[in-house]
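Undergrad: Have a look at this one.
The values are calculated or read from the model by the stated rules, or taken from the named source; none is laboratory data. For clarity, every value in this text was computed on a predicted model and none was experimentally measured. Note that we place each Cβ from the backbone using ideal geometry, even for glycine, and neighbour counts take in every protein chain shown. Ligands, DNA and RNA are stripped out before the accessible areas are found, and what is left, the full protein with its side chains, is counted by its heavy atoms. Shrake-Rupley method; radii C 1.70, N 1.55, O 1.52, S 1.80 Å.
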Amino acid sequence: MSIQTLSGLAQAGALAGKRVFIRSDLNVPLDQGKITEDTRVRASVPAIRLALDAGAAVMVTSHLGRPKEGVVGPDDTLQPVAERLAELLGRPVRLVRDWVDGVELAVGDVALLENCRCNPGEKKNDPDLARRMAALCDVYVNDAFGTAHRAEATTEGMARFAPVACAGPLLAAELDALGRALKSPRRPMAAIVGGSKVSTKLSILQALADKVDQLIVGGGIANTFMLAAGLPIGKSLAEPDQVDQAKAVIQAMQARGVQVPIPVDVVVAKTFAADAPATVKEAADVAPDDLILDIGPRTAALLAQQLRQAGTIVWNGPVGVFEFDAFAEGTRVIAQAIAESDGFSIAGGGDTLAAIAKYGIADRVGYISTGGGAFLEFLEGKTLPAVAALQARSA
Ligand code: ADP
Ligand code: MG
């Protein structure tokens, strides 16, 4: 089903003199108030420029981190984002703190509306909040693919209540590219899923098991699979109550004649720290006080071998704590294998993007998505709630 787009409205001259509200994804990593990685801010610029060039008055908002609703704590403010956005746009960007009940704005203005997740009702998708926010604008734009899998007031509710609702260029491009890449993927198709959000991703793995020819796990997810295989994991990150889920995934793949590779060796430490001494161990030898922080070199080589044979590779989640160099080797080897593969690769996820940047393989990945959870749910074949709301308005 097609969706109305911001560029379509701009071409039709439907934005001139209009108040345009853009829900972007400006959830950037911050270190003591400084942006450490600004991809998402840069990615939000085309939508804003498009609206400005079309003669609109522009409001932009995003969530940042996981604030408590009702207050804007010192780590919650979009102030650093306002400054970076102003530099990128070459014009002032005003940060508006209390905005739900009105924003003063003229054509050509850009107002950044403070962290939308600080508003009570945002996460619950409270319809009253969504209605009040929708009343701020003539045109609502969703340009935040990364949160499109969550039905919140600025992602889903507003799309129902705003006078006009459309997709921004970033969201439209994501849906288009992912849709095309996954329509008839070259086989075999391999998915590699790692990272730390174990329970969220495990439920997705089950659906993925029907779609892919190979399923490779890493990070905290692999630890949970090791538990399921009866291996010791010490104090490692895992979800012991999801072991049955992991077993179900293993069985679903087995029914198709495919093994989910379980790590044969791992890199462990006694503490979670950059300078913790790293030891390579056989998977069976993990001690009760060990933390598995990376896959071992033999495992990495085996997985890399599998990835090299794939026609399509989908990657979300680092396979180890790649931020610490002693535990980064597994992720580096995987990244390298993806870069060297002849297959079409698609990668997504905040930390996955950081790993791609760290190993300099961005230009050798077929398509890089800004989404993590949204990317996986799209892959699963689900219609993302924020996208569904836009589709309903475009019908
Ligand atoms: P993404 O943002 O790409 O979707 P996640 O947010 O799920 O990925 O997970 C990324 C994080 O997972 C990284 O910060 C990494 O340090 C962590 N991680 C990977 N492997 C492990 C592990 N074995 N133990 C603890 N944390 C891990
Ligand atoms: Mg992450």
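Undergrad: Taking the chain as the reference, fit the longest principal axis to its C-alpha atoms, fit the long axis of helix 198-208 to the helix C-alpha atoms, and give the angle between the two in degrees, 0 to 90, nearest 10.
TA: Taking the Cα atoms of the chain, the angle to 198-208 is about 90 degrees.
Undergrad: Still on this structure, please answer the following. Along Cα→Cβ, 7 Å out, is where each label goes; now give me the distance between the ones at K34 and D176 in nm to one decimal.
TA: In this crude label model, K34 to D176 measures out at 3.7 nm.
Undergrad: What does the convex hull of the Cα atoms of the chain come to per residue, in Å³, rounded to a whole number? It would help to have the intermediate numbers written out before the result.
TA: Working: hull volume 54.7 nm³, N = 395.
Per residue, the Cα convex hull of the chain comes to 139 Å³.
Undergrad: Using DSSP to call loops (not H, G, I, E or B), can you name the GluC sites (Glu not before Pro) in segment 73-150 whose Cβ has at most 16 other Cβ atoms within 10 angstrom? Can you show the working numbers first?
TA: Working: sites: E83, E87, E104, E114, E122; in loops: E104, E114, E122.
Of the GluC sites (Glu not before Pro), the ones in loops of segment 73-150 whose Cβ has at most 16 other Cβ atoms within 10 Å are E104.
Undergrad: Using only Cα atoms, tell me the angle between helix 297-308 and the longest principal axis of the chain; keep it within 0 to 90° and round to the nearest 10.
TA: Compared with the principal axis, the helix lies near 60 degrees.
Undergrad: Also: If I histogram all Cα-Cα distances within segment 212-251 using bins 5 Å wide from 0, what percent of pairs lands in each bin?
TA: 6, 26, 36, 20, 9, 2, 1
Undergrad: I need to check one value: relative contact order of the chain, counting alpha carbon pairs closer than 8 Å and at least 6 residues apart, in percent. Intermediate values should be presented prior to the final figure.
TA: Working: 883 pairs, mean separation 61.4, N = 395.
Relative contact order, the chain: 16 percent.
Undergrad: Further question: Can you tell me the FRET efficiency between D75 and T383 if r is taken as the Cβ-Cβ distance and R0 is 30 Å, rounded to the nearest 0.05?
TA: Values: r = 33 Å, r/R0 = 1.11.
It comes out at approximately 0.35.
Undergrad: Estimate the FRET efficiency between Q309 and A106 by the formula 1/(1 + (r/R0)^6), using the beta-carbon distance for r and 56 Å for R0, to the nearest 0.05. Numbers along the way, then the final one.
TA: Working: r = 58 Å, r/R0 = 1.03.
Efficiency for this residue pair is about 0.45.
Undergrad: State the extension gain, in nm to one decimal, for the chain segment bounded by E323 and D275, taking 0.36 nm per residue of separation less the distance between their alpha-carbons.
TA: Details: separation 48, 0.36 × 48 = 17.28 nm, distance 1.15 nm.
Net length gain for the segment: 16.1 nm.
Undergrad: Can you give the relative contact order of segment 204-331 as a percent, counting alpha carbon pairs under 8 Å and 6+ residues apart? Present the calculation step by step, with values, prior to reporting the outcome.
TA: Details: 222 pairs, mean separation 34.2, N = 128.
Relative contact order for segment 204-331 comes out at 27 percent.
Undergrad: Can you give the accessible area per residue of segment 14-147, in Å², using a 1.4 Å probe?
TA: Values: 5750 Å² over 134 residues.
Accessible area per residue: 43 Å².
Undergrad: Just to check I understand the Karplus step: with θ = phi - 60° and J = 6.51 cos²θ - 1.76 cosθ + 1.60, what whole-Hz values come out for segment 369-383, glycine and proline as x?
TA: 8, 7, x, x, x, 5, 4, 5, 5, 4, 4, 5, x, 7, 8
Undergrad: Taking a 26 Å limit on the Cα-Cα distance, which of the listed pairs K123/K197; K201/K235; K123/K247; K68/K197; K358/K382 fall beyond it?
TA: On the way: K123/K197 19 Å; K201/K235 20 Å; K123/K247 32 Å; K68/K197 20 Å; K358/K382 31 Å.
Over 26 Å apart, Cα to Cα: K123/K247; K358/K382.
Undergrad: From Cα pairs below 8 angstrom and at least 6 apart in sequence, can you work out the relative contact order of segment 48-109, rounded to a whole percent? Present the calculation step by step, with values, prior to reporting the outcome.
TA: Working: 40 pairs, mean separation 27.6, N = 62.
Reported relative contact order: 44 percent.
Undergrad: Along the Cα→Cβ direction, 7 angstrom out, place labels at A207 and D138. What is the inter-label distance in nm?
TA: A separation of 3.7 nm, rounded to one decimal place.
Undergrad: Now for a different question. Could you tell me how far the Cα centroid of segment 117-182 sits from the Cα centroid of segment 277-328, in Å?
TA: 37 Å
Undergrad: Using helices alone, what [θ] at 222 nm do you get for the chain, with -39,500 (n - 2.57) per DSSP H run of 4 or more residues, divided over all residues and rounded to the nearest 500? Before the final figure, lay out the partial values.
TA: Numbers: 14 runs with 143 residues, N = 395.
So the helix-based figure for the chain works out to -10500 deg cm²/dmol.
Undergrad: Which of the trypsin sites (Lys or Arg not before Pro) found in segment 21-98 are in a DSSP loop and have at most 16 neighbouring Cβ atoms, other than their own, within 10 Å? List each step's numbers first, then the result.
TA: Working: sites: R23, K34, R40, R42, R49, K68, R84, R94, R97; in loops: K68, R97.
For trypsin sites (Lys or Arg not before Pro) across segment 21-98 that sit outside H, G, I, E and B with at most 16 neighbouring Cβ atoms in 10 Å, the list reads K68, R97.
Undergrad: Starting from the Cα-Cα distance between S184 and D285, subtract it from 0.36 nm times their residue separation and give me the gain in nm to one decimal. Kindly include the intermediate steps, with their values, before the conclusion.
TA: On the way: separation 101, 0.36 × 101 = 36.36 nm, distance 4.22 nm.
Stretched out fully, the S184 to D285 stretch lengthens by 32.1 nm.
Undergrad: Please give me the summed charge of the neighbours of A130: other residues whose Cβ is under 14 Å from its Cβ, Lys and Arg +1, Asp and Glu -1.
TA: With Lys, Arg at +1 and Asp, Glu at -1, the neighbours total +3.
Undergrad: Could you state the angle between the C-alpha long axis of helix 329-340 and the longest principal axis of the C-alpha atoms of the chain, as a value from 0 to 90 degrees rounded to the nearest 10?
TA: 70 degrees
Undergrad: What does the convex hull of the alpha-carbon atoms of segment 14-114 project to on average, in nm²? Kindly include the intermediate steps, with their values, before the conclusion.
TA: Details: hull surface 24.7 nm².
The number I arrive at for segment 14-114 is 6.2 nm².
Undergrad: What is the calculated FRET efficiency for D241 to A395, with r their C-beta to C-beta distance and R₀ = 35 Å, to the nearest 0.05? Walk me through the intermediate numbers first.
TA: On the way: r = 41 Å, r/R0 = 1.18.
Computed FRET efficiency for D241 and A395 comes out at 0.25.
Undergrad: What's the carbon and sulfur percent of the chain's accessible surface, probe 1.4 angstrom, rounded to a whole number? Present the calculation step by step, with values, prior to reporting the outcome.
TA: Working: 8190 of 16150 Å².
The value for the chain is 51 percent carbon and sulfur by accessible area.
Undergrad: If you filter segment 221-305 for trypsin sites (Lys or Arg not before Pro), then keep DSSP loop positions with at most 13 other Cβ within 10 Å, what is left? Show your work: numbers first, answer last.
TA: Details: sites: K235, K247, R256, K270, K281, R298; in loops: K235, R256, K270.
Taking segment 221-305 and a limit of 13 other Cβ atoms within 10 Å, the loop trypsin sites (Lys or Arg not before Pro) found are R256.
Undergrad: Just to confirm, what accessible area per residue do you get for segment 252-382 at 1.4 Å probe, in whole Å²? Mind dumping the intermediate values first?
TA: Values: 5210 Å² over 131 residues.
Each residue of segment 252-382 exposes 40 Å² on average to a 1.4 Å probe.
Undergrad: Note down the magnitude of the dipole of segment 261-395 about its Cα centre, charges +1 on Lys and Arg C-beta and -1 on Asp and Glu C-beta and zero elsewhere, to the nearest 20 debye.
TA: Working: 9 positive and 16 negative charges, 105 e Å.
With Lys and Arg at +1 and Asp and Glu at -1, about 500 debye.
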